[in-house]
Amino acid sequence: MAKKDSGKPTGSAEPTETAKSGKGTKPAAATKAAKGTEDGNPAKGAGAAKASKSPKGAEAAKSAKSADAAKAGKSPKVGKTEKPGKASKGAKADEASTAEKAAGSPKAGKAGTTAKASKASKAADSGKPAKASKPGAREATPKAGKAAQAGEPGGGPDAAAQSAPPAKGEKKAEAPAAGGKVKSKPLSLRELLRISAENSKGSRGGARKSGSHGHVHGYDTPLGPLLRVPSGERVDLGAFHPAATPGGPADKAAGVAATAHMAERLGSLQERLYAASTAGDRRRVLLVLQGMDTSGKGGTVKHVIGLFNPSGCRIKAFKAPTPEEQNHPFLWRVMKALPQPGEIGIFDRSHYEDVLIARVRDLVPRSQLGRRYAQINRFEKSLADDGVTVVKVFLHIGYEEQRKRLLERLDNPDKHWKFNVGDIEERSVWPAYQQAYELALERCSTDVAPWYVVPSDRKWYRNWAISKLLLEHLEGIAPQYPKGDFDVEECRTRLLAT
């Protein structure tokens, strides 16, 4: 797992990739056949080696006949045996077949035929490379032959056939694991974030590497299990790369398009949720956004909540407590801001500030602070029992990314209103904040109100991921339009009479 921004303003160690070992080289006969083909003479590579060693002229004549048979398109018989001491016809046929493969003809029994093998043999004899037959077969180059001779991975006459894509209707065979069986393990959250971090190297916001594993899961795979913090497990934010894109689209353009595509479905589910509340359904949604300064809480409200009908949303941004709020328990002001049945509530910061900044700045005694985690869990359990679906999102931003965004605010006079001089001082206690968040995530990620860690260095991924999480939770609620408690036909008749 790539570790970045582990709570210290220092560099990060990027994961390394392990090169895959190639397959072994072919037998000596195949090597000589490939070498002979490079010279433009398949007969020389296939049979001349054995013919030159034999003291009898009859065997040399047989080798010449075998080469002539290959030119004429005749397929030598396989399976008959010769007397001891004589080269068998089957062995010569194998050598001729090997030479044809090295010249670029398709593998026997698949795409190749006797006629195509004859063409490949003639082309090799004339010194011209044979054209690869479709579908997918590639020409063998001198480089491939040399690789086989040198014993390099991936060399040999069959390298092109092995790397070629499967023919139509064929399924590409998976590489077997040790023991001959193909095994697949589900990737954990940390593995997914590591893979996405590897794919994220390069231009920020750009497309990821082609064929990377970052897009294995697709858009239809539930995102919640990938980002959810397991209940009661120790959390190390340094193990989660803030620029990762687990389960997400391939690049920024695809992410923006996918987010916009969810708008219609989100709006429809919100309307059903509100409509159901008119018939007594008390269910609603509460989205809790927490994160360091510039992590994107306001941006999420703008870009994600903007997909909903604002009349059905209740947004509350929590600032430093007022004198009145300080005279009440820390959850008092939170209870007053809860969404009503049928609404979608959004907390920009929340009751978790009372275990975050309160811990970092020692605003309350540690004994009192320790009791607040249990109070929060009981409070959120009561919300769930009352029909509130709590979606808690930690916007995970990197230390360097925060500096970049703060500098952008300083460089743009139109953004000066968003800059706070105190943000610079808060950066000096970054490790303490990371530790405070780790404790909150560990102690308050429960079955009824889990935490989700959303990498937020890439704004487009942040918006897509939170939209996807809301969509999944609303689909889980599955709100329905209530049925009317009146006679439709009678009302129609009365209305037409007016």
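The values are calculated or read from the model by the stated rules, or taken from the named source; none is laboratory data. Keep in mind it's a predicted model, so treat the numbers as computed, not measured. When we count neighbours, we look across all protein chains shown, and the Cβ atoms used for this are built from the backbone with ideal geometry, even at glycine. These area figures cover heavy atoms from the full protein model, side chains too; ligands, DNA and RNA do not enter into them. Shrake-Rupley method; radii C 1.70, N 1.55, O 1.52, S 1.80 Å.
Please list, ordered by chain and number, the residues whose modelled amide H lies under 5 Å from the amide H of K392; skip anything fewer than 5 residues away on the same chain.
Sorted by chain and number, the residues that satisfy this are V288, Y452.
Which residues' amide hydrogens lie under 5 Å from the amide hydrogen of F240, considering only partners 5 or more residues apart or on another chain, with H built in the peptide plane?
Residues meeting the criterion, in which the H sits 1.01 Å from N, are K4.
What number does the range 339-417 give for Rg over Rh if you use C-alpha atoms and the Kirkwood radius?
That ratio is 1.09, to two decimals.
Anything over 31 Å Cα to Cα? Flag those among K297/K336; K381/K404; K392/K483; K319/K404; K252/K381, in the order listed.
Distance filter (> 31 Å) returns K381/K404; K392/K483; K252/K381.
Peptides 467-474, 440-447: what's the order by average Cβ count within 10 Å, highest mean first?
467-474, 440-447
How many nm separate the modelled label positions at I424 and V448, each set 7 Å beyond the Cα in the direction of the Cβ?
4.6 nm
In the range 441-482, if every C-alpha pair distance is counted and binned at 5 Å from zero, what percent goes to each bin?
6, 18, 19, 21, 19, 11, 4, 2, 0
Residues of the range 369-471: accessible area per residue at 1.4 Å, in Å²? Spell out each step's value before the answer.
Details: 4120 Å² over 103 residues.
Value returned for the range 369-471: 40 Å² of accessible area per residue.
Taking all protein chains as present, what is the carbon and sulfur share of the accessible area of the range 341-420, in % to the nearest whole number, probe 1.4 Å?
49 percent
Sort 450-462, 267-279 by packing, meaning the average of other beta carbons within 10 Å per residue, with the highest value first.
450-462, 267-279
Once Rh is set to the Kirkwood radius over Cα pairs, what Stokes-Einstein translational diffusion coefficient, in µm²/s, holds for the range 383-498 at a temperature of 4 °C and a viscosity of 1.567 mPa s? Provide the component values of the computation, followed by the final result.
On the way: Rh = 18.8 Å.
D, rounded to a whole number, is 69 µm²/s.
If contacts are Cα pairs under 8 angstrom and at least 6 residues apart, what is the relative contact order of the range 237-316 in percent? Walk me through the intermediate numbers first.
Numbers: 20 pairs, mean separation 26.1, N = 80.
RCO, the range 237-316: 33 percent.
Place a point 7 Å from Cα of T498 in the direction of its Cβ. Which residues in the range 246-284 have their backbone N less than 15 Å from it?
Label zone hits: none.
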